[in-house]
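The values are calculated or read from the model by the stated rules, or taken from the named source; none is laboratory data. Remember, it's a predicted structure, so these values are computed and weren't measured experimentally. Cβ placement follows ideal geometry from the backbone for every residue including glycine, while neighbour counts extend to all protein chains displayed. When the accessible area is computed, the model is the full protein with side chains, heavy atoms only, and any ligands, DNA or RNA have been set aside. Shrake-Rupley method; radii C 1.70, N 1.55, O 1.52, S 1.80 Å.
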Amino acid sequence: MTINTEDLLNSILESLTRIEYIKTEDIPNIDLYMDQVTTFMDKRLRTTTRNPDEDKILTKTMINNYAKNELLPPPAKKKYTKEHMLLLIFIYYYKNILSISDIQALLKPIKDRFFRKGDGFGLEELYNEVFGMEEEQVEILKKDVRAKFKRAEQTFEDAPEEERSFLKTFAFICLLSFDVYTKKLLIEKLVDDLRENKEEQE
């Protein structure tokens, strides 16, 4: 691959180091109206979008649809709590890889069991535990991406020289895509198992 591609890789790997999830202490402890919710989420998640100037983070319509699909409990007096915000963050990340139906199967038990649990083990503790794993996973991901890049560099050595750079980049994309594809299949299988177990219990 060309040096430009490697520079791009290094830039992406460096950006992974700077990824920060929304910490629970960053979320206001007061209940928010919908406009305040969308403003907060837009400000905190704007940098995670592919096209920051165009992509929608969260709209009123989205929030209403999530409530309609039982992903989000209804607000109290049109105000959303910190726990509503935590569920919305989960939904934001999951919607990029899962269908609404799968997100329902995954998050409805979370909502039912841990939303508004008072002083016991609740949604905030669950959120902190899950997102606390992020830092170690970033380091693992960086090593894996670097290994895939090196493997892709070894491909298409016999291809015409003018096509070699493009084909090596294509091979790199294929390796990354296969990884995403297989993990998505695994996630879907796990979600299906959760759904089946719930149906059996009912």
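Any residue in the range 146-157 that is among the aliphatic types (A, V, I, L, M) and surrounded by 14 or more Cβ atoms within 10 Å (Cβ to Cβ)? Spell out the reasoning first.
Looking only at the range 146-157, we keep the residues that are among the aliphatic types (A, V, I, L, M), and these are 147, 152.
This time we only want the ones that are surrounded by 14 or more Cβ atoms within 10 Å (Cβ to Cβ), so: 152.
So far as the range 146-157 goes, yes, one or more of its residues are among the aliphatic types (A, V, I, L, M) and surrounded by 14 or more Cβ atoms within 10 Å (Cβ to Cβ).
Quick grid of which residues meet (1) more than 30 Å from residue 176 (Cβ to Cβ); (2) hydrophobic (A, V, I, L, M, F, W, C):
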| site | (1), (2) |
| --- | --- |
| 12 | no, yes |
| 28 | yes, no |
| 44 | no, no |
| 66 | no, no |
| 70 | yes, no |
| 77 | yes, no |
| 93 | no, no |
| 115 | yes, yes |
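Among all residue pairs at least 6 apart or on different chains, which show Cβ distances below 8 Å where the first residue, located in the range 147-170, is farther than 19 Å from residue 10 by Cβ and free of Cβ contacts under 8 Å to residues at least 40 places away in the same chain and the second is among the charged types (D, E, K, R) and open to solvent by less than 60 Å² (accessible area, probe 1.4 Å)?
Short answer, once both residue conditions are applied: 155/168; 156/168.
Scan the range 175-188 residue by residue and report those that are surrounded by 14 or more Cβ atoms within 10 Å (Cβ to Cβ) and more than 24 Å from residue 105 (Cα to Cα).
Within the range 175-188, 175, 176 meet the criteria.
Return the total of residues in the range 36-84 being over 18 Å from residue 98 (Cα atoms) and of a type in the set (S, T, N, Q).
The qualifying residues number 9.
Only one of 143, 168 is surrounded by 12 or more Cβ atoms within 10 Å (Cβ to Cβ), basic (Lys, Arg) and more than 23 Å from residue 87 (Cβ to Cβ). Can you tell me which?
Working: 143 fails: surrounded by 12 or more Cβ atoms within 10 Å (Cβ to Cβ).
Only one candidate qualifies: 168.
What residue, of 43, 56, is of a type in the set (Lys, Arg), free of Cβ contacts under 8 Å to residues at least 60 places away in the same chain, surrounded by fewer than 19 Cβ atoms within 10 Å (Cβ to Cβ) and assigned to a helix (DSSP H, G or I)?
43
Just a yes or no: is a residue in the range 66-88 of a type in the set (A, V, I, L, M), modelled with pLDDT under 95, farther than 19 Å from residue 117 by Cβ and over 16 Å from the mean Cα position of the chain (by Cα)?
Yes; the residues of the range 66-88 include at least one that is of a type in the set (A, V, I, L, M), modelled with pLDDT under 95, farther than 19 Å from residue 117 by Cβ and over 16 Å from the mean Cα position of the chain (by Cα).
Of everything in the range 103-131 that's at pLDDT 85 or above and either outside any helix (DSSP H, G or I) or open to solvent by 70 Å² or more (accessible area, probe 1.4 Å) (or both), which residue is nearest to residue 81 (Cα to Cα)?
Step one: of the range 103-131, the residues at pLDDT 85 or above are 103-115, 122-131.
From what is left, the residues that are either outside any helix (DSSP H, G or I) or open to solvent by 70 Å² or more (accessible area, probe 1.4 Å) (or both) are 112-113, 115, 122, 125, 129.
Working: 112: 16, 113: 17, 115: 10, 122: 13, 125: 15, 129: 20 Å.
Across the range 103-131, the extreme among qualifying residues is 115.
Going by the structure shown, is residue 74 without any contact (Cβ under 8 Å) to a residue 12 or more places away in the chain, within 23 Å of residue 122 (Cβ to Cβ) and not in a helix (DSSP H, G or I)?
yes
Looking only at the range 92-102, how many residues end up being over 21 Å from residue 199 (Cβ atoms), surrounded by 14 or more Cβ atoms within 10 Å (Cβ to Cβ) and in contact (Cβ under 8 Å) with a residue 24 or more places away in the chain?
Residues meeting the conditions: 1.
Tell me, please, whether a residue that is touching a residue at least 60 places away in the same chain (Cβ under 8 Å), under 17 Å from the mean Cα position of the chain (by Cα), surrounded by fewer than 18 Cβ atoms within 10 Å (Cβ to Cβ) and part of a loop (DSSP other than H, G, I, E, B) can be found in the range 7-18.
no
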